[in-house]
Amino acid sequence: MRIFHMQKLDLKFFERPTLLVAEELIGKYFIFNDKKLIITETEAYIGRDDEACHAARGKTKRTEVMFGRAGCLYIYFIYGMYYCMNVVTEEEGSAAAVLIRGALDISKPEQKLLNGPGKLCKNLSIDKTYNTLDIVENDRIYFLGSDLKYEIQSTPRIGISKAKDKPWRFIANL
């Protein structure tokens with residue numbers, strides 16, 4: 001597999017509108033310590049006007065990171081057993097983020113599809129200690145650009161009880 005645009009995604013990439021970032025993260029590389037993955041599924045959550053967004057009710061200790069600088073991780077715990085990883089987007093104060101729902105682990109010859117945000121975090125051992133981590137300034141955990149092209153399908157979000165109708169889930173047709 002040839003890789004052309006091996007530049008780290010910078011702050012400007014993440015400061016853009018969340019729906020654009022969510023769609024354009026598909027096919028990008030996620031470097032996590034010694035692992036290399038291709039993002040295959042994302043979901044957008046956009047601030048106070050999005051009932052499904054954790055920040056819809058305003059700033060709390062839990063959601064504080066979402067109101068901060070773009071390019072930081074927002075990690076939360078669900079169902080008493082899984083962590084989920086999001087990347088903060090848009091300008092400071094917007095409280096928007098992209099949930100990384102799935103990725104293809106290409107670290108070893110036997111590639112492994114990690115479909116589901118809990119499965120992804122479990123496989124990478126991502127937990128709350130990574131919450132607020134700045135991935136733009138980090139040398140071990142970050143996103144890389146790529147020339148990989150996938151047909152992308154947009155569907156309603158899943159696994160939520162509110163605002164399910166928004167087609168803010170993006171999936172690579174592998």
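The values are calculated or read from the model by the stated rules, or taken from the named source; none is laboratory data. Quick caveat: nothing in here was measured; it's all calculated off a predicted structure. Cβ: placed from backbone, ideal geometry, glycine included. Neighbour counts: every protein chain shown.
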Quiz prompt | Selection from region 34-63 of residues that are over 21 Å from TRP168 (Cα atoms) and either at pLDDT 95 or above or buried (at least 21 other Cβ atoms within 10 Å of the Cβ) (or both) | solution = LYS35, LYS36, LEU37
Practice problem: Could you pull out the residue among ASP50, ASP34 that is within 16 Å of LYS122 (Cα to Cα) and either touching a residue at least 40 places away in the same chain (Cβ under 8 Å) or charged (D, E, K, R) (or both)? | Solution: ASP34
Exercise. Inspect all residues belonging to region 73-81 and state whether any of them is touching a residue at least 60 places away in the same chain (Cβ under 8 Å) and either among the hydrophobic types (A, V, I, L, M, F, W, C) or crowded, with 23+ Cβ neighbours inside 10 Å (or both).
Key: yes
Self-check item: Residue satisfying condition, being at pLDDT 95 or above, farther than 19 Å from LYS28 by Cβ and under 16 Å from the mean Cα position of the chain (by Cα), within set TYR83, TYR74
Solution: TYR83
